[in-house]
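Have a look at the structure below, then the notes.
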Amino acid sequence: MRRKKHTQLLSQLLLVPVVALVLLAGALGALIAGMQQDAARVDQADQILTNIDRLQLLMVDEETGVRGYFLTHKASFLDPYNQARLALPQVFDTTIALSADQPEVKARLVAMRHDYQVWQRMTAAEVEHQAPVDLGARKVQMDGLRGDLKEILLAEQTHRTRASVVANRLGAAARWSIVVLILLIAGVLSFWIVRTYHQISSLYEGELIEADRQRRMVVEREEWLHTTLHSIGDGVIACDAEGAVTLMNPVAQQLTGWSEEEAKGRPLPEVFHIVNEHTRLPVENPVHRVIQTGTIVGLANHTLLLHRNGYEACIEDSAAPLRNTEGEISGVVLVFRDGTERRSSQKALMRAEKLAAAGKLAASIAHEVNNPLEGLTNLLYLAGQGKDLAEVQHWLAQAQAVVNRLSHITRRTLGFYRESARASIYRPAEVVEEVLAFYVPEALSKNVRLEAQIRTQRETWGVPGELRQVLSNLLTNSLDAMPGGGLIRLSISDTLAFGDRQREGVRIVVADTGSGIPAALLRRVFEPFFTTKVETGTGLGLWVSKELVEKQGGTLRVRSRTEGEKHGTVFAIFVPLHEAGEVL
């Protein structure tokens, strides 16, 4: 609004003098035109008077020449007569034309020209026939013409004097009018310019006051921001649009080992050096992703920040774009925290979940081994009661078969739960088949049908034991959700990552026809210690499963319905295909 007002005042300051000068020029033009018109009238009267004087002279010449000719009868006296006779018509016509705006003068000139023409015809006839001339009569006629000319001359002189007086008065009035007009316009312009100048000065002074207020606000905001950044417990690094560091708070300086003065102007990867916790490979610079996408970007799990002096910290962070008033990205702000203690707590929880899995292993072994052990005890009793060698050998052979079965159960169970921490190339389809086979006896005991749909045998690089643990958790939850029986379907197929159509992988789906998970609880199923099985659950199974899947660069999603014919729960696991030789 101030800028608009400022522009308006400047425009007025320019336009008003221009308009005033145009008006002054118009007034001067009108006055000059009036003065020129009056001067033209005076000039016209002077020309008429001059022509009347000439008419008088020509008439005198003509009359004198005729009188001399008739008195002397010499032809030389006719020269003035002939010259005047030829010039007079043109002088009459010119004088009549000049008096067009004076009807009286014009009418008298026309009548006088007629009388002269009569006189001239009579005189010409007498000269031609040399007839006797009444010079007295001709003189009387000519005196009448000269009298008319004198009257016209006096009238025109009066007209000329009147026009001259009017012209002089108008000239004087014009001069004074010009002076007054100039003074008036100068006064108005002076008043207007001073008034507008004061308005502009006031506006400018107001803008200076506002600018000073804005400056103080910016300084106060910067001080507040500086205090805030130095008070929060998270590390904060700000970068420009090229990814160079512009600001670091004390927490960021402590976690990176770089002081703000040393880091300013350096590329972010040089100061904020992050690698994958498992592969030790550099992690993509989050600033580049923010500038490319224009959205908030979070770091992947299992990211380590390498301190300048070699210290390592597990961190969690996010990067967000900074935009200017035009909405363009002018920089990026990175906020991160030391998650080492949180990661240690997570590892402790994962170890607790593994202990729970070991308890499940013990229960499974006890359940699987209990019946064969009872049979083995009976066979050994019968062998001890045998009366001949053949009978004893028969019972011992059956006992050996039971021992072999127990050994197979033990090896299979231990092999299922035995986990290697080393990554290797493996087929997820084989892990799916192995887990499915392990849970067949439990599923049969609960009247649950297991189905498998294997549509791919592609290999990936990772830890198969971790995928085995994830599938075991999901199958256990599905079996617990169907106490009255039902169907569990495991399928594996080729797919592309959700939201990134360039990443290939395999999708493993565990779908059951159980009771489903209420919508209000569905969003919390991956939280640690959240469980719907109060008496038997630890609340860590799905949380650990999600951590293990994301550790391999994959995702774990869930959807569920509690009503309708198609009730049940579906867990979908995406496992990416890694390049050969890549280590997790």
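Every read-out reported here was derived from the displayed coordinates using simple, explicitly stated rules and does not represent laboratory data. Only a predicted model underlies this, so the values are computations on that prediction, with no experimental measurement involved. In this analysis, Cβ positions are derived from the backbone assuming ideal geometry, glycine residues included, and neighbour counts consider all displayed protein chains.
When you work out D = kT/(6 pi eta Rh) for the stretch 234-338 at 4 °C and 1.567 mPa s, using the Kirkwood radius from C-alpha pairs as Rh and the Stokes-Einstein form, the result is 96 µm²/s.
Treating r as the C-beta distance of L23 and T50 and R0 as 35 Å, the FRET efficiency rounds to 0.30.
Between T295 and L184, 0.36 nm times their residue separation minus their Cα-Cα distance comes to what?
33.3 nm
Of the peptides 55-61, 445-451, the order by per-residue mean of other Cβ atoms within 10 Å, starting with the highest, comes out as 55-61, 445-451. Ranking of L467, L184 by neighbouring Cβ atoms within 10 Å, starting from the fewest: L184, L467. Counting only Cα atoms, the stretch 184-225 measures 60, 6, 5 Å along its principal axes, largest extent leading. Along each principal axis, taking the top coordinate minus the bottom one, the Cα set of the stretch 421-584 gives 46, 30, 30 Å in descending order. For K150, a cut-off of 14 angstrom between C-alpha atoms picks up these aspartates and glutamates, skipping any fewer than 8 places away in its own chain: D53. The stretch between H288 and A397 holds 32.1 nm of extra length on full extension. This uses 0.36 nm per residue minus the Cα-Cα distance. The label-point distance for R169 and H567, in a model that sets each label 7 Å from Cα toward Cβ, rounds to 11.7 nm.
Could you sort the peptides 332-338, 88-94 by per-residue average Cβ neighbour count (10 Å cutoff), highest mean leading? Before the final figure, lay out each step's value.
Working: 332-338: 20.9, 88-94: 15.6.
Most protected by this proxy first, the peptides run 332-338, 88-94.
Extension gain for the segment E326 to E434, taken as residue separation times 0.36 nm less the Cα-Cα distance, is 33.0 nm to one decimal. When only Cα pairs under 8 Å and 6 or more residues apart are kept, what is the percent relative contact order across the stretch 421-584? It rounds to 24 percent for the stretch 421-584. Taking each of K446/K551; K264/K551; K546/K566 in turn, the alpha-carbon distance tops 31 angstrom for K446/K551; K264/K551.
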